[in-house]
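Where a number appears in this text, it was derived from the coordinates with a stated rule and is not lab data. The structure presented is a predicted model; accordingly, all values stated were derived computationally and were not measured. Don't worry about glycine lacking a Cβ; one is built from the backbone with ideal geometry, like all the others, and counts go over all protein chains shown.
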Amino acid sequence: MPQKIDLKDRRILYELDINSRQSYSQIGKKVKLPKSVVHYRINSLKDRGILKNTYAIVNFIKLGYSQYKVYLKFHSINPKKEEEIISYLAKKEKVIWVTSCRGEWNISITIISKNIVEFDKILKDIINKYGKFILDKVVLIVSYSPLYSRNYIAPEKEKKEFLYMKNIENIKVDEIEEKILKILANNSRVSILDIIKKLNLTRDIISYRTKNLEKSEVILGYRALINLDNIGIHLYKVILRLQNFSEQKESELISYCKSIKNIVQYMRLVGNWDAEIEVEIESEEKLYDLINEIRNKFGNIIKDYEVLHIVEEHKLNFYPL
């Protein structure tokens with residue numbers, strides 16, 4: 001059953017979603033609560049299973065990686081075997097996201113790789129191991145993707161954009177920076193003191209290297225991983241096949257997505273589908289009201305669409321290397 005969260009908790013979750021490395025004092029000033037109360041409330045959100053984790057958005061495109069989405073449809077499979085496949089995918093290096101879906105597809109995975117040959121090897125490993133259970137698959141390349149903060153949690157707040165798919169670069173990170181990335185990608189609220197203990201480095205070195213990663217936009221931001229079901233929210237993907245899709249039309253569609261509080265990501269795709277909109281919303285009924293609004297506004301460019309309900313996230317790690 002969804003849990004009730006009051007306005008103060010909503011504002012704290014919003015602050016964690018736009019910058020989860022903020023201190024208790026910084027968050028307290030913004031939500032008008034003492035540091036000790038913010039600390040208590042964040043721990044309570046964790047204990048209640050609402051706040052699952054906090055993480056760094058590692059802008060892997062800056063490190064020379066491309067992003068591939070793979071949807072899989074299973075057949076002749078029992079729940080135990082499906083769990084085995086999910087566990088295998090979640091442990092696999094360079095797989096950053098694994099989810100279970102309802103709709104046309106059973107599993108969605110996101111893979112990063114430096115070239116098509118590397119991606120092909122990763123996908124072939126999966127197919128060679130579990131191909132007899134895979135009825136169908138689709139592969140899509142993500143070429144552009146703004147993420148949006150969850151201002152539906154606190155509607156009076158600004159909607160922030162994180163743009164982690166733009167131009168491929170090849171910034172080199174050294175061993176120290178790589179270790180910092182691995183730590184922050186799995187827990188962005190880890191203290192400097194804990195990083196010092198783990199890496200046996202000075203505060204100045206860690207602070208300098210972290211700021212350098214932020215300045216170069218290798219670390220794009222810090223966000224919260226929220227158990228949406230626990231606050232009565234469901235995650236959906238609306239995948240679009242488009243026609244007459246000019247640069248101006250896409251710009252209009254992106255501006256629209258940014259303006260809608262329940263839309264949290266837009267993806268430009270290369271493959272069988274052209275775009276994907278990620279929606280976090282209270283019900284399927286409200287989702288289809290939103291889809292109808294999109295179709296009324298952009299019906300001249302929408303050739304077809306498909307809806308996926310993401311029922312469980314098994315892995316989210318922006319630096320699984």
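Placing unit charges on the Cβ atoms of the charged side chains and taking the dipole of the chain about its Cα centre, the candidate lying farthest along the positive direction among Tyr256, Asn296, Val58 is Val58.
Step through the table entries Lys4/Lys94; Lys4/Lys52; Lys81/Lys121, compare each Cα-Cα distance with 28 Å, and write down the pairs that go over it. Going by Cα-Cα distance, Lys4/Lys94 fall outside the 28 Å limit.
Residues whose amide H comes within less than 5 Å of that of Val264, counting only those at least five positions distant or on another chain, are Glu278, Val279, Glu280 (H built at 1.01 Å from N in the peptide plane).
Rounded to whole numbers, the Karplus 3J(HN,Hα) couplings from phi for the range 152-163 are 5, 5, 9, x, 7, 8, 6, 8, 9, 10, 10, 9 Hz, using 6.51 cos²θ - 1.76 cosθ + 1.60 with θ = phi - 60°, and x at Gly and Pro. Projecting the Cα positions of Tyr164, Ala154, Val190 onto the charge dipole of the range 137-209 (unit charges on Cβ atoms of Lys, Arg, Asp and Glu, taken about the Cα centre) puts Ala154 furthest along the positive direction. Note on the chain: helix-only mean residue ellipticity at 222 nm, from DSSP H runs of 4+ residues weighted -39500 (n - 2.57) and normalised by residue number, equals -12000 deg cm²/dmol. Near the amide H of Ile107, within less than 5 Å, lie the amide hydrogens of Leu72, Cys101, all on another chain or at least 5 residues away, with H placed in the peptide plane.
Sequence-ordered 3J(HN,Hα) estimates for the range 305-314 from the Karplus curve with 6.51, -1.76 and 1.60 and θ = phi - 60° stand at 8, 9, 10, 10, 9, 7, 8, 7, 9, 9 Hz, glycine and proline given as x.
In the chain, once you exclude exposed GluC sites (Glu not before Pro) (DSSP loop, at most 10 other Cβ within 10 angstrom), what's the longest stretch remaining? Counting at most 10 other Cβ atoms within 10 Å as exposed, the longest clean stretch of the chain is 159-321. Quick one: check the C-alpha center-to-center distance for the range 64-90 versus the range 240-284, whole angstrom. Value for the Cα centre distance between the two parts: 25 Å. Please build a GNM for the chain, connecting alpha carbons under 10 Å apart, and tell me which residue among Ile206, Ile126, Ile77 fluctuates the most. Most flexible of the set in this elastic network: Ile77. The residue among Ile116, Val70, Ile206 whose Cα reaches farthest toward the positive pole of the charge dipole of the chain, with charges on the beta-carbon of Lys, Arg, Asp and Glu, is Ile206.
Here the gap between Leu135 and Val311, fully extended at 0.36 nm per residue and compared with their Cα-Cα distance, gives a gain of 61.3 nm.
Here the 3J(HN,Hα) profile of the range 52-59, calculated from phi with Karplus coefficients 6.51, -1.76 and 1.60 at θ = phi - 60°, is 7, 5, 10, 8, 8, 7, 8, 7 Hz, Gly and Pro shown as x.
Under a model in which nothing but the beta-carbon of Lys, Arg (+1) and Asp, Glu (-1) is charged, the chain shows a dipole of about 980 debye around its Cα centre. Taking R0 as 45 Å, what's the FRET efficiency between Glu214 and Asn296 from their Cβ-Cβ distance, rounded to 0.05? About 0.65, to the nearest 0.05. Between their Cα atoms, which of Lys91/Lys182; Lys8/Lys198; Lys137/Lys315; Lys211/Lys237; Lys80/Lys114 are more than 23 Å away from each other? Over 23 Å Cα-Cα: Lys8/Lys198; Lys211/Lys237; Lys80/Lys114.
Working from label points 7 Å from Cα in the Cα-to-Cβ sense, the Lys303 to Ile127 distance is 2.4 nm.
Label separation (Leu7 vs Lys29): 2.2 nm, computed from points 7 Å beyond Cα along the C-beta direction.
Under Stokes-Einstein, with the Kirkwood radius over Cα pairs as Rh, the value for the chain at 4 °C and 1.567 mPa s is 62 µm²/s.
Here the scattering of the range 1-121 is modelled by Debye summation over its C-alpha atoms, one equal scatterer each and no solvent; at q = 0.12, 0.18, 0.21 Å⁻¹ the log10 of I(q)/I(0) is -0.69, -0.99, -1.09.
Measuring from a point 7 Å past the Cα of Glu158 along Cα-to-C-beta, which residues in the range 241-265 have an amide N at less than 17 Å? So the set is 258-261.
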